Each structure stands twice: as C-alpha cells, then as structure tokens.
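Written out below as structure tokens is the structure these notes cover.
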Amino acid sequence: MSVKPNSEYSEGSIRVLKGLEPVKQRPGMYTRTDNPLHVIQEVLDNAADEALGGFGKKIKVTVHTDGSVGIEDDGRGIPFGMHPEEKAPVIELVFTRLHAGGKFDKGKGGAYSFSGGLHGVGVSVTNALAKRLEATSYREGMVAGLVFENGDVTQALQIRKTAEGDRKSGTTVRVWPDAKYFESAVLPMSDLTHLLRSKAVLMPGVSVTLLIEKTKESQTWLYKGGLKDYLMQTINGEPVIPLFDEEGFADAQSDNFAEGEGAAWCVAFTEDGQPVRESYVNLIPTSAGGTHESGLRDGLFTAVKGFIELHSLLPKGVKLMPEDVFARASYVLSTKVLDPQFQGQIKERLNSRDAVRLVSSFVRPALELWLNQHVEYGKKLAELAIKAAQTRQKAGQKVEKRKSSGVAVLPGKLTDCESKDIAYNEVFLVEGDSAGGSAKMGRDKENQAILPLRGKVLNTWEVDRDRLFGNTEIHDISVAIGVDPHGPGPYTEGNAPDLSGLRYGKVCILGDADVDGSHIQV
C-alpha cells in the first residue's frame, strides 16, 4: 500500500516571488528560450528607441570571444540619479525591477513618444537570465557604471567625470547570457545579422554596425532609401509592377489618431518565388503579424477591388477575396503606434485594435490614387488578383474521393467477388437495382462482381476532371474499379492512367436493349 505524501496547505504554503525571481523560475513567460538572441534584442531595442526618438545616430553590436555581447549607442544615456520614490539609482532600477522604464508616460514631455517597450520588463529580463551584465551610461559630462551577476548588483554604482576618449552621451551594455536558461547557448549569427540589418532599414540615416571580435569581421548598414532599397534586395522573383512605396502619419489636427501615429510601407507583387513579409511596430519585429498587417491587407484589398469595379475588369462568376490580392504580395511594413498592445512580453504579435483602422486609412487612399494614376500597372495587378481568384475557386470545386482513414471506401451497393486475383476477376456495371438483382442471381460469386448504377450516368467527356467525383455514380465506378480519372492521351506527366490500384481485369457493361441502355454504354 502506497503512503500518501504529506501535502499540507496552509499560510506557509504561499510563496511570493520577488524581484527577478519570476523570470528565473519561468523564463519562457518572458522571452524565447531557444537561444539568447531575444534577451540581446531587448537591449538592442532600447538603443533603437533612442534613435527612433531622434536622439542617436549610431548603434554598435560586438560579439566578444568570451561569449558575451556588447551593445553601444550614442543616445542620451540611462539616467543614474536617485529615483524620487524608490530611493535607488534609476539605472539600477531599470535592470532589477520588472516594471521600471521610461516608456509608460506617453504624453507630451514623456521620455519616449514612440517605443517598443510597453511592459517595462525588457532589459530586466536580460539581466535576470545573465551570468553577468555590465552597464555604463555617459550623460551630462559624467560616466556611471555598475555590474550585476545573476540579476543582483555585485559592484555598486560608480560615477566619475568624463575623461579624454569617453563618449559625450550614450549607453553601453555588455551581457553574458546564462546557458542554463536556453536550449542552446549559441547566438544564431544569421538571425542577429538580419535583425541588425532590419533596424538600419527602418531608421534611414542611422548606422548599425556588427563586429565579430574573434574574426575581426565588421559590417555596417546605413540605408538612405529605407524600405524600398531593402525589399528590392530581398524579394524573390521579378515584380509585376513597380514597387508601391509610401507612408502616412497623423498630424496634430487628426481627430482619430495621435500626432505621429501611422505607417511606412513598401509592397511588391510577383508571379513566382516565396513572398517576403516583414512587419514592425516602433522598430520591434512582429514575426507573428498582428492588427497592423490586417490593416495593410484591408487597405490593399479595398483599393484593388475598387479599381477592378471602376474599370469593370471582373469576369462573370468570379468573386474577389482579400487573399487573392495578398497571395503574391511581398512587403515591409513599419508602423508607429503611440501605445502598442502586444500579445505577451515577446512582442511577436500586435494586438492594438486601432492599428487596423490606422494602417488601412493611410494605405487605401494612397494605393487608390497610385492605381488611377498608373492605369496600365493597375490592370496588371488586377489580372494577377483575378487569376488567383479563379485558381482558388477552381480548387474549391475540386471533389476528392471519399475516404476513411486514408483508404477509399468501396460503394455500399457493390456486390464484390471472393477472389483477389485481378486477372481472373470481372465487374459488371448494370442499369438500375432491378437489373442488378437479376445479375446477382446469375453471377459466379467467385470472380464476378456487380455494381448497379442509378439513372443516366454523367458524360465525363464534358466535365472538368477536378469535378468528376461530385457525381455519385462516377465516384462509385472509380472507387470500385480502382482507377482515377485521366486524359485521353497523348499521355503526359500527371495525365497518364495509374493502374496500380486496379481491382478487376475485365469491366463489362450490362445495358437494356433500349435508349437508356445505350446511354450507359456511351
């Protein structure tokens, strides 16, 4: 007999996690744990927010030989004075408190109008999951630095005057990620490179540098052309029409959105190749999309549909859907939202409801104007969308064989034979149940099968191949015999008869000696 473990539930059973303990206990709730890239990205996002606010022009990321990563920016530097309420240095609070940051006050005069940080847990998560973290702030003629280990301060804040060679302003953070929190401690260099490159794309005029200390390799990205240059370098296939590259932002007179909210986008339409789709909110990559992408989709569809209707381009019987316009679209979308609501701390998906209306309200009129200024390009785009709609509708009409557990089910009205020898077996297609009854009585059960057919069987020469199985009798004949529809020849790949599933060596047609009987033979 097993002894029941003592599981007393009392006041002492309740444990309160303090400081950074929740992150260490459940890191997957706060960041991706497949590798340390996301905790490095949290620091990088802070540097990008400074540039987004117009306070910095350079970001440098160094991958050191000891596995640590350093991020430098020339922004304003993290404040290091005493916090008026918490009575602790602000720079210390930023790295040790889950909900401390300069991005909650979005009103006029706040430190950040637009930023990716909503939850205020970014760099504190980085600190919690790091063996060691060094933070240095250059600000107002002073340099302040402190060191953390396993999330705790091990070297208190030290402040000195700037010396020769020091930067005037900015922040440097060096992180040693703790391997025990990640499935792999290796930083994926291709993903890091893509992330840095995309930051440069979204911030025209800001240089982003990656230095690999071990190999001395260095790459710098500085895009003057922004999204258009980036998409042209990234897309697969030749664009059908010129790239649609625009932006729209709300001004101070806007009744619906805050000043500065809006989006910049570049869209390319190609006939082949894998579409490239990237979206960002306040420079944060949203790999799982979200409401801003829905706004782009809605704006594109409404504009293209309106153009097609205006020029009467839609064929009869074709219904246009959003995916028809979007199917061959590649895009880069950069959205500015004052108070972004993300799904979870990882920020892979934007949930802000107003973002649909925000993006759509700028995309739709801009594309409508562009299409009507470039009618020939508009017609090419319409042709691409209509072709996608026709393909979709045709695929929707395709009727597959009815199957159970992946195996075609034999028709219930088929009276099968006992033999499994295909060369010896034969099946009789008979007209109606009454004739089928007579045939069953006179058949040889060993090798003769009977399949009664109801009414006049469909003339398969006149029907599209994908729609044949919509007819019950044709479906039953195909399943009973074990052969799928194929063309009359000459045979090509995908059109040749496949006899591997053939169930009978001979197919016989029993028809009455009248007009209906001759129809079944046809």
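The values are calculated or read from the model by the stated rules, or taken from the named source; none is laboratory data. All figures in this text were calculated on a predicted structure; none of them were measured in a lab. Positions of Cβ are backbone-derived with ideal geometry, glycine not excepted, and every protein chain shown enters the neighbour counts.
Here are the numbers:
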{"quantity": "Candidate set from the range 273-290 (those that are closer than 10 Å to residue 235 by Cα and of a type outside the set (Gly, Ala, Ser)); member that is surrounded by the most Cβ atoms within 10 Å (Cβ to Cβ)", "calculated": "276"}
{"quantity": "Residue list for the range 142-170, restricted to those being within 39 Å of the chain's Cα centre (by Cα), among the small types (Gly, Ala, Ser) and assigned to a strand (DSSP E or B)", "calculated": "170"}
{"quantity": "Flag if residue 505 is on the phi < 0 side of the Ramachandran plot and modelled with pLDDT of 80 or more", "calculated": "yes"}
{"quantity": "Subset of the range 72-123 (residues that are modelled with pLDDT of 90 or more, under 28 Å from residue 209 (Cβ atoms) and not in a helix (DSSP H, G or I))", "calculated": "72, 73, 74, 75, 76, 77, 78, 79, 80"}
{"quantity": "Only listed residue being assigned by TED's automatic domain parsing to the domain that holds residue 294, surrounded by fewer than 20 Cβ atoms within 10 Å (Cβ to Cβ) and touching an Asp or Glu at 6+ places or on another chain (Cβ under 9 Å), chosen from 365, 322", "calculated": "322"}
{"quantity": "Selection within the range 23-44 - modelled with pLDDT of 90 or more and part of a helix (DSSP H, G or I)", "calculated": "37, 38, 39, 40, 41, 42, 43, 44"}
{"quantity": "Qualifying residue in the range 472-485 (condition: under 38 Å from the mean Cα position of the chain (by Cα), part of a loop (DSSP other than H, G, I, E, B), modelled with pLDDT of 70 or more and of a type outside the set (Phe, Trp, Tyr))", "calculated": "yes"}
{"quantity": "Failed item, numbered, when residue 262 is tested on (1) closer than 18 Å to residue 341 by Cα; (2) out of contact with any Phe, Trp or Tyr (no Cβ under 9 Å at 6 or more places or on another chain)", "calculated": "(2)"}
{"quantity": "Checking residue 452 against (1) modelled with pLDDT under 90; (2) out of contact with any helix residue (DSSP H, G or I) (no Cβ under 8 Å at 6 or more places or on another chain), the condition it does not meet", "calculated": "(2)"}
{"quantity": "Residue that is surrounded by the most Cβ atoms within 10 Å (Cβ to Cβ), among those in the range 147-195 that are touching a strand residue (DSSP E or B) at 6+ places or on another chain (Cβ under 6 Å), over 30 Å from residue 279 (Cα atoms) and among the polar types (S, T, N, Q)", "calculated": "169"}
{"quantity": "Strands (runs of 3 or more DSSP E) completely within the range 205-323 that count 1 or more residues being within 25 Å of residue 189 (Cβ to Cβ) and touching a Leu at 6+ places or on another chain (Cβ under 8 Å)", "calculated": "207-212, 217-221, 277-281"}
